[in-house]
Amino acid sequence: MGRKKISLVGGGQIGGVLSQLIAQKQLGDVVLFDIVEGLPQGKTLDIVEASRVDGFDVNMKGTNDYKDLEGSDIVIITAGLPRKPGMSRDDLLTVNANIMKTVAENVKQYAPNSIVIVISNPLDAMVTLCQKITGFPHNRVIGQAGVLDSSRFATFIAWELGVSVKDVNAMVLGGHGDTMVPIVRYANVNGIPAMELLERKYNNAEKAKEVMAALVNRTKMAGGEVVNLLKTGSAFYSPASSAIAMAKSILYDEKRVLPACAYLNGEFNVNGYYVGVPVVLGSNGAEKIIEFKLDNEEQIAFNNSVNAVKNLIADMERLGF
Ligand code: APR
């Protein structure tokens with residue numbers, strides 16, 4: 001029985017970290033593809049030369065040939081340009097849609113049975129385009145955004161409350177843009193509502209609301225915060241870790257409930273769009289959307305976010321994709 005094969009299309013910042021994490025966690029053999037000659041070969045060689053030190057046994061191959069994707073169980077796509085300061089994720093639409101078109105055609109040809117996780121931005125549009133071009137069933141094409149956005153939200157809550165982030169559960173739904181919807185009502189510390197803990201901390205319900213609003217706002221802007229600091233690219237460690245959590249749930253059939261960009265067929269009253277929602281991830285990819293009741297305020301924010309996704313998709317279609 002061979003190892004699972006995980007192909008990474010895009011050997012830039014995220015692709016490099018993905019390769020290293022897959023190796024260190026021994027999730028499977030890695031193919032790292034990029035159009036830049038030498039880049040994926042150099043990165044995989046560098047990583048695999050640490051195999052003795054880190055103690056991992058996986059095969060790693062860097063390539064400029066799409067044929068090497070053959071037999072992939074999972075394909076993770078990061079090909080595309082990242083944001084520069086001042087750019088929104090949506091500003092990347094035209095250039096990254098062109099790249100996604102080529103990538104998806106090749107994934108369709110060489111890895112027709114794979115499950116695809118898209119990370120390239122603007123995420124909701126790139127996932128939609130990837131599914132359209134591959135023609136894969138919707139459960140086999142998903143996007144990474146919610147795991148990271150939720151992790152950011154959880155991190156900020158943990159810092160504010162002075163507790164371990166391991167005990168914080170927080171979920172962010174909707175599109176992967178400024179309209180994303182952190183679900184405050186269910187944010188908790190080991191089951192205890194985060195709002196209650198904030199109210200106790202400040203002994204003032206209004207102040208607690210203000211503090212939470214600031215955490216929510218920081219979460220929505222967190223990607224941009226990193227872009228502004230880095231100046232030459234966007235976040236790459238945390239997106240890679242987040243996609244690995246998704247890939248692991250699929251490879252090991254863990255059935256974790258993770259927020260992911262998944263295709264909605266009437267769930268949450270959305271029909272025919274990819275949006276971030278809680279999903280059961282198992283060996284069949286996005287196996288089930290977990291629905292729950294949104295309150296009024298959440299519903300308004302969610303609808304707003306879905307509308308932003310719809311506008312993005314309409315823009316992409318106007319551009320001919
Ligand atoms: N086919 C394959 N790879 C490509 C193509 C293509 N047509 N065009 C560009 N690439 C490669 C680049 O050569 C580069 O190595 O995609 C890689 C992207 O890497 P980075 O520029 O380092 O970007 P990264 O930080 O990894 O982010 C990738 O993920 O989070 C999103 O917004 C981010 O869209 C961006 C993507």
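The values are calculated or read from the model by the stated rules, or taken from the named source; none is laboratory data. Nothing here was measured: the structure is a model prediction, and the numbers come from that model. Every residue, glycine as well, gets a Cβ built from its backbone with ideal geometry; the counts of neighbours run over all protein chains shown. Ligands, DNA and RNA are stripped out before the accessible areas are found, and what is left, the full protein with its side chains, is counted by its heavy atoms. Shrake-Rupley method; radii C 1.70, N 1.55, O 1.52, S 1.80 Å.
Each residue in the stretch 282-321 was checked for being open to solvent by less than 40 Å² (accessible area, probe 1.4 Å) and not polar (S, T, N, Q), and 16 pass.
Among the residues of the stretch 210-247, the ones that are touching a helix residue (DSSP H, G or I) at 6+ places or on another chain (Cβ under 9 Å) and polar (S, T, N, Q) come to 5 in all. Taken over the stretch 1-16, the criterion of being surrounded by fewer than 22 Cβ atoms within 10 Å (Cβ to Cβ) and either among the acidic types (Asp, Glu) or near the ligand (Cβ under 8 Å from one of its atoms) (or both) is satisfied by Gly12, Gln13. Here Met246 passes the criteria (1) within 16 Å of the ligand (Cβ to nearest atom); (2) more than 20 Å from the chain's Cα centre (by Cα); (3) crowded, with 18+ Cβ neighbours inside 10 Å except the one numbered (2).
Condition check ((1) within 11 Å of the ligand (Cβ to nearest atom); (2) surrounded by fewer than 24 Cβ atoms within 10 Å (Cβ to Cβ)) across all residues:
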{"site": "Met100", "(1), (2)": "yes, no"}
{"site": "Asn113", "(1), (2)": "no, yes"}
{"site": "Val127", "(1), (2)": "no, no"}
{"site": "Gly135", "(1), (2)": "no, yes"}
{"site": "Ala145", "(1), (2)": "yes, no"}
{"site": "Thr155", "(1), (2)": "no, yes"}
{"site": "Gly162", "(1), (2)": "no, yes"}
{"site": "Val165", "(1), (2)": "no, yes"}
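Any chance the stretch 68-80 includes a residue that's assigned to a helix (DSSP H, G or I), open to solvent by 60 Å² or more (accessible area, probe 1.4 Å) and either within 18 Å of Gly276 (Cα to Cα) or out of contact with any Asp or Glu (no Cβ under 9 Å at 6 or more places or on another chain) (or both)? Can you show your working first?
Going residue by residue through the stretch 68-80, those that are assigned to a helix (DSSP H, G or I) are 68-69.
Still in the running and open to solvent by 60 Å² or more (accessible area, probe 1.4 Å): none.
No, every residue in the stretch 68-80 fails to be assigned to a helix (DSSP H, G or I), open to solvent by 60 Å² or more (accessible area, probe 1.4 Å) and either within 18 Å of Gly276 (Cα to Cα) or out of contact with any Asp or Glu (no Cβ under 9 Å at 6 or more places or on another chain) (or both).
Consider only pairs whose beta carbons are under 7 Å apart and that are at least six residues apart or on different chains; among these, list those whose first residue lies in the stretch 29-41 and is over 23 Å from Asn98 (Cβ atoms) and whose second residue is in a loop (DSSP other than H, G, I, E, B) and more than 10 Å from the ligand (Cβ to nearest atom). Hits for this filter: Asp29/Arg3; Asp29/Val58; Asp29/Asn59; Val30/Val58. Within the stretch 210-235, the residues that satisfy the criterion of being touching a residue at least 12 places away in the same chain (Cβ under 8 Å), over 17 Å from Asp178 (Cα atoms) and either touching a Gly at 6+ places or on another chain (Cβ under 8 Å) or surrounded by 15 or more Cβ atoms within 10 Å (Cβ to Cβ) (or both) are Val211, Gly233.
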